[in-house]
Amino acid sequence: MISTDGAVLPRTLAAALAVRADDPVRTVVAGGTDLMVGVNAGRLRPSSWLSLRRVPELQRIERHGSSLFVGACVTFARIERELVDTAPALAAAARTVGSVQIRNAATIGGNLSTASPAGDSLPVLACYHAEVEVASVRGTRIVPIGEFLVGPKRTDLGADELVVGVHLRRTTGEQAFAKVGPRAAMVIARCSLAARVDRTTGDAGVGIGAVAPCALAVPAAAEILASGGSVDDFVAAVVSAAAPIDDLRAPAAYRHHALAVLARRMHGWLQ
Amino acid sequence: MTTVRLQLNGEACSVEASPVTSLLAAIRQAGLTGTQGACEEGECGSCSVLLDDALVCSCLVPAAACDGARVTTVEGVVAPDLAAALAAHGAVQCGFCTPGFVVAATALLDGDEPLDHATAAHALAGNLCRCTGYQPILAAVLEVDRARRG
Ligand SMILES: Cc1cc2nc3c(=O)[nH]c(=O)nc-3n(C[C@H](O)[C@H](O)[C@H](O)COP(=O)(O)OP(=O)(O)OC[C@H]3O[C@@H](n4cnc5c(N)ncnc54)[C@H](O)[C@@H]3O)c2cc1C
Ligand code: FES
Ligand code: FES
C-alpha cells in the first residue's frame, strides 16, 4: 500500500503497525516538536505522515504493583503532572523540557526515538534501568534502554517498528534529576544527571546525559551510592563515565566540569 | 494536498495542506492572521494556539495530522478583562508577541491554582517579548487572575 494522502491517523496500534509495515517511507510523527523544526527549515521533506496522535494504546500510563508503563505518546506535560509520586526524577526531568507549549506536544516516545545525546528523559530512563517496548507486525520486543540507544540520534528501532512505551520499576527512596544550561527555561542540557538510591534495599541507579554519544547508566556510581561511599568517590565515578565532545553549545571541558558540580550537589540531595 | 477538517474557533472549516504545511500556515491561509509566525522553531511562542484544548506552538504541528481537531486561535479567545489589563499595564508595545501571550495566558488562567509571580513566569517562559521586559505582561496576568478569583 503506497498512499499519497498527506497523513494517516490510525485509531489502533495494530492499524498503525500495519501502515508502518506496508508503507515504511511514511514519516512517523507524535508531537512533531523535533520533526517540524527540520521541516520548517527545509531540511526535511516528508512525503506523508503516519501520525500516532489518535492511537489510544500509546497514551496509556499503567501501574501494576511495582511496575510502571508509560506509553510512547504520553506527553511531558502529563509526565510532569501524573508521575510526581510514582517516578519523581522523570517528572522533574519532564518539568525542565522546553516550555508549556513544548511539553504539551512533546512525547517520551519522540524523545527516545530522536535519541539526542541531550534528550532529558534519557538519563532518567538509564538510571531506572528502563526497558523500551517496541513492536511491529512481526511481534513485540523488550529492549533495555542501554541497547535501544546505540549512538547520537541512532536507535535499535527497525524500519517497520514503533516504540510502544517504556517499562519502569517503581523505585523507593530518594531520587533526583538536574541539568545545566545557560538559562532557567527552554534549555537544551549541556550536561544532565539522574540518580536514585534506597539505602534500606541497597537499590540504586545513576544516569548521565549530554556528555557522551548517548545517555548512559553509570553502575559504578550507583554502587557507591548504594554502599554509602564518599562524595569524592561518587563524583569521580560519574565523571569518569563521561566522554563529552566540543560542540556548538559547549566545550567538552565545560561539560566535564559542570557534571562534577552536579554530581557533588546531587550526592548531597540524596543523603 | 489533503483536505484537513478542523473545528476552528468553534466553526467547522476545511483547509488544504501539503505534508510540509504547518498548522500555523494553515490557520493563516484560512484567513485568521492573528496567530503570528516568527522563529518557526518552537522558541518564541508567537504562534501559540489551543489544539484540542492544549497550548501548543502551531508552527510545530503538521496540519495534515490535525484532521478532526479542535483549534482555538487568538481570534477565538474572548477575554476583555485580559485585554484591558494588558493595555493598562503597558504590556503591549510593538504587539507582535501579544496574540501568543493572550492565548498562553488564557490557558494559564484556566488553571485551578491561584498564580504567583514565579508560577506565571515559568508558565509563560515559552513566549518571548523583545519590547516590554516581561514585567508588565506578568503584572497584567496576575491582576486578571486575582480579579477572576474575586
Ligand atoms: C523549542 C524546543 C525546546 C525543546 N526542549 C527540549 C528539552 O528541554 N529537552 C529535551 O529533551 N528535548 C527538547 N526538545 C526536543 C523535543 O521536544 C523532544 O525530543 C520531544 O520529546 C520529541 O517528541 P515529539 O513527540 O514531539 O517527537 P516528533 O517530532 O513527533 O518525533 C521525533 C522522532 O521520533 C520518531 N517517533 C516519534 N514517536 C515514535 C514512536 N512511538 N515510535 C517510533 N518513532 C517515533 C519520529 O519519527 C521522529 O523521528 C525541544 C524542542 C523544541 C522545538
Ligand atoms: S513561530 Fe512558532 S514558536 Fe516561534
Ligand atoms: S511587545 Fe514587542 S515583542 Fe512583545
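Every number in this text was worked out from the coordinates using simple rules, so none of it is lab data. These numbers come from a predicted model, not from an experiment. Cβ placement follows ideal geometry from the backbone for every residue including glycine, while neighbour counts extend to all protein chains displayed.
Which condition from (1) assigned to a strand (DSSP E or B); (2) basic (Lys, Arg); (3) more than 25 Å from residue A:128 (Cα to Cα) is the one that residue A:63 breaks?
Residue A:63 satisfies every listed condition except (3).
Out of curiosity, is residue B:29 under 26 Å from residue A:107 (Cβ atoms), more than 14 Å from chain A (Cβ to nearest Cβ), surrounded by fewer than 18 Cβ atoms within 10 Å (Cβ to Cβ) and of a type outside the set (Gly, Ala, Ser)?
No.
Collect the residues in segment A:1-16 that are surrounded by fewer than 22 Cβ atoms within 10 Å (Cβ to Cβ) and more than 8 Å from chain B (Cβ to nearest Cβ), keeping them in residue-number order.
A:1, A:2, A:3, A:4, A:8, A:10, A:11, A:12, A:13, A:14, A:15
Can residue A:106 be described as within 12 Å of another protein chain (Cβ to nearest Cβ) and under 22 Å from residue A:135 (Cβ atoms)?
yes
Where residues in segment B:106-139 are within 16 Å of ligand 2 (Cβ to nearest atom) and of a type in the set (A, V, I, L, M), which of them is nearest to the other protein chains (Cβ to nearest Cβ)?
B:125
Are there any pairs, at least 6 apart or on different chains, whose C-beta atoms fall under 6 Å, with the first in segment B:60-81 and touching a residue at least 60 places away in the same chain (Cβ under 8 Å) and the second basic (Lys, Arg), and if so, which?
So the pair list comes out as B:67/B:5.
If I ask for residues that are of a type in the set (Ser, Thr, Tyr), surrounded by fewer than 21 Cβ atoms within 10 Å (Cβ to Cβ) and within 11 Å of chain A (Cβ to nearest Cβ), which ones from segment B:32-60 would you list?
none
Do any helices (runs of 4 or more DSSP H) lying entirely in segment B:78-132 carry at least 2 residues that are within 16 Å of ligand 1 (Cβ to nearest atom) and in contact with a strand residue (DSSP E or B) (Cβ under 9 Å, 6 or more places away or on another chain), and which ones are they?
B:98-109
Quick one: in segment A:21-42, of everything that is touching a residue at least 40 places away in the same chain (Cβ under 8 Å) and out of contact with any strand residue (DSSP E or B) (no Cβ under 6 Å at 6 or more places or on another chain), which residue is nearest to the other protein chains (Cβ to nearest Cβ)?
So the residue we want is A:33.
Can you list the strands (runs of 3 or more DSSP E) lying wholly within segment A:104-210 that have 3 or more residues being surrounded by 24 or more Cβ atoms within 10 Å (Cβ to Cβ) and over 13 Å from the mean Cα position of the chain (by Cα)?
So the answer is A:191-198, A:203-209.
Looking only at segment A:47-74, count how many residues are in contact with a helix residue (DSSP H, G or I) (Cβ under 7 Å, 6 or more places away or on another chain) and facing chain B (nearest Cβ under 8 Å).
Selection size over segment A:47-74: 3.
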